[in-house]
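Note sheet for the following structure.
The values are calculated or read from the model by the stated rules, or taken from the named source; none is laboratory data. Keep in mind that this is a model prediction, so the values were computed, not measured. Reconstructed Cβ throughout: ideal geometry from the backbone, glycine too, with neighbour counts over all protein chains shown.
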Amino acid sequence: MIHVGLTHFLVISIVLFALGLYAVITRKNAVMVLMGIELILNSANINFIAFSKFGNFGLQGQLIALFVIILAAAEAAVALAIVLNIYKTVANINVDEIDSLKD
Amino acid sequence: MNTEQLLSDIGFIKPEIAIAITLVVIVVVDLIMGKNKKALPYISIAGLVITGLLVIQQFGTSVSVFKTSPSTSLLVIDNFGLYFKIIILLASLFIIFFSMASNEIKSTYARHGEYYTLIFGMILGMFLLSSAVDFILIYLSIELLSLSSYVLAGFVKNSLRNSEASLKYVIYGGVSSGVMLFGISLIYGLTGSTNLYEINSLIQLQNFPVVTLLIAGLFVIVGFGFKISAVPFHFWTPDVYEGAPLPITAYLSVASKAAGFAVLIRFIKITFVDSIDEHGFWQLISVVDWRSIIILLSILTMTLGNFSALWQDNLKRMLAYSSIAHAGYMLLGLAVLSNEGITAIMLYFLIYLFMNLGAFFVVMLIANKIGSEDIDDYKGLGRSIPYLGVSLGIFLVSLIGLPPTAGFIAKIYLFIALVDAKMITLAVIALLNTVVSLYYYVRVLRNLYLVQTEEKRPAIKMSLLNSIILFLLVAPLIIFGIYFTPIVNFAKSSLSIFGF
């Protein structure tokens, strides 16, 4: 039986963070980009909870994670509404092709 | 925390409560009045005036409220935060008037209830941001500010330009606030605290791994850098500023930036400063050299802002790059790391409020009439719109920083702070940048007055209200350009941050 310690959680969270950034940079579909943002937020959540558990900092970390989950939901709602609005206007949510504003 | 303490603390957040009440009143009135939305802007103005009185009443107090433990708290009320709240309120007041005059916003008459509600959501976020000293509250208020502004940037739903602006804003904003949250989680892991004061004392006492602290600090600065549109976190700025409805663009460029600067200055000063010597220079905790990082950011920001503005044909986009450049100048004041530098930033912001809002207001009034923000469409317009043209001239000359306008005073105080700190090279770089900026500002004026066109240019009739607003924006620039002692004293007296 392997003992699961702080390092394991931190490795998971940094991998999630990197994958989230990778998704934001490479994905063309706006919904996929938003999923990347969710990954970044959740990686921070894992950090908060792991630090709070293994660092004996009390329950503050868990509370922060709860706040972040709520905010992530709010942000997803707003972002998806915006994507839906784009789709209604141009019938396309490929972020590379929505480029009427540029230098 | 006991109930009595909580109740007495509530007395210190009266301005925030007034904002929240106005928000609710707007929603309720919108529901009751049905299709008649005429009352909403006036309710907003009344709410802002009341909040302003409550903020002025608080000047001079210096307390920490909503304690999470005997030594830590969520908010502090001090003159520094109140000064930025005044700037935010002034900007909001002007924006309400802009919205009443803007054709873009008028076209969404049926949804005016949402519009003013979201504006007050932004104000509440900015108010909390400028007095927060706990990372969690900072993150929450940044999100409150951002979520409202994402929607406002795309408020005219059937315009592709608007929708695209809000999509870009939400993607960049989401990523940067996510990165910032990751940085906060690292700082929490290092120190076990989210309170800036507590983090400061822990960094002074213990030796934390330098690399982790550097990465965490940089990640947090990403979030703030996004709000103040510092390079390299500026990519959203030109697109969002060009796409969003003009009142919102003006609002983002002044109020949202003011809140970003307030929280950035507070973060640097509380978290990383060890002590302040008798000349007002801050001694940083010698773990990471934050000064070099800020200097690098500010040089990049002003240089890229100014040089990119050179080849912009859309005036809104040009002003977006110019606002990036101005953020760069103001970051210089922070890089000085002294009380004098912060005074210079605060003075700069008060003046920047009038000149930037003014420039956007004139662009909006002209766009209302000719339906374009293209600099080429301004050719020969100067003679048919004498008042607007002259005012735009004053705003642009002030943005360059030439006497006798107030923009000159703002720049001169910044340069004095730099020279006093013996940062001559930086002052020279800023000066050269100002020279570059001359070209693109003057190009607009040249098109207005010196270029002759065959076609007849339309005259723009201004309503009495718009003339008064325009006058209120021009007059301070001229008055403060000549008689600037009161605002300098006001900025100096608002320097105190709780705990220092």
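Hey, any hits in the range A:64-79 for a residue that's on the phi > 0 side of the Ramachandran plot and either touching a Gly at 6+ places or on another chain (Cβ under 9 Å) or touching a residue at least 60 places away in the same chain (Cβ under 8 Å) (or both)?
No, there is no match, as no residue in the range A:64-79 is on the phi > 0 side of the Ramachandran plot and either touching a Gly at 6+ places or on another chain (Cβ under 9 Å) or touching a residue at least 60 places away in the same chain (Cβ under 8 Å) (or both).
In the range A:73-103, which residue that is within 20 Å of B:Trp236 (Cβ to Cβ), in a helix (DSSP H, G or I) and of a type outside the set (A, V, I, L, M, F, W, C) is modelled with the lowest pLDDT?
A:Thr89
Residues that are among the aliphatic types (A, V, I, L, M) and surrounded by 23 or more Cβ atoms within 10 Å (Cβ to Cβ): does the range B:375-385 have at least one?
yes
What pairs come up if the first residue lies in the range B:149-160 and is more than 7 Å from chain A (Cβ to nearest Cβ), the second is polar (S, T, N, Q) and assigned to a loop (DSSP other than H, G, I, E, B), and their beta carbons are under 7 Å apart, counting only those six or more places apart or on different chains?
Note: pairs meeting the criteria are B:Phe155/B:Thr108; B:Val156/B:Ser107; B:Val156/B:Thr108.
Residue by residue through the range B:157-174, note down the ones that are crowded, with 24+ Cβ neighbours inside 10 Å and of a type in the set (A, V, I, L, M, F, W, C).
Matches in the range B:157-174: B:Ala165, B:Leu167, B:Val170.
What residue, of B:Asp313, B:Asp289, is touching a helix residue (DSSP H, G or I) at 6+ places or on another chain (Cβ under 6 Å), of a type in the set (Asp, Glu) and over 21 Å from B:Asn103 (Cα atoms)?
The unique qualifying residue is B:Asp313.
Tell me which of these B:Leu93 doesn't satisfy, since it passes every other one: (1) within 27 Å of B:Ile366 (Cβ to Cβ); (2) buried (at least 21 other Cβ atoms within 10 Å of the Cβ).
(2)
State yes or no: is A:Ala44 of a type in the set (Gly, Ala, Ser), surrounded by fewer than 22 Cβ atoms within 10 Å (Cβ to Cβ) and assigned to a helix (DSSP H, G or I)?
no
Does A:Ile70 meet the test of being assigned to a helix (DSSP H, G or I) and more than 7 Å from every other protein chain (Cβ to nearest Cβ)?
So A:Ile70 passes the test.
Find the residue count for the range B:421-437, including only residues that are surrounded by fewer than 16 Cβ atoms within 10 Å (Cβ to Cβ) and either touching a Lys or Arg at 6+ places or on another chain (Cβ under 9 Å) or not hydroxyl-bearing (Ser, Thr, Tyr) (or both).
The number of residues fulfilling the criteria is 6.
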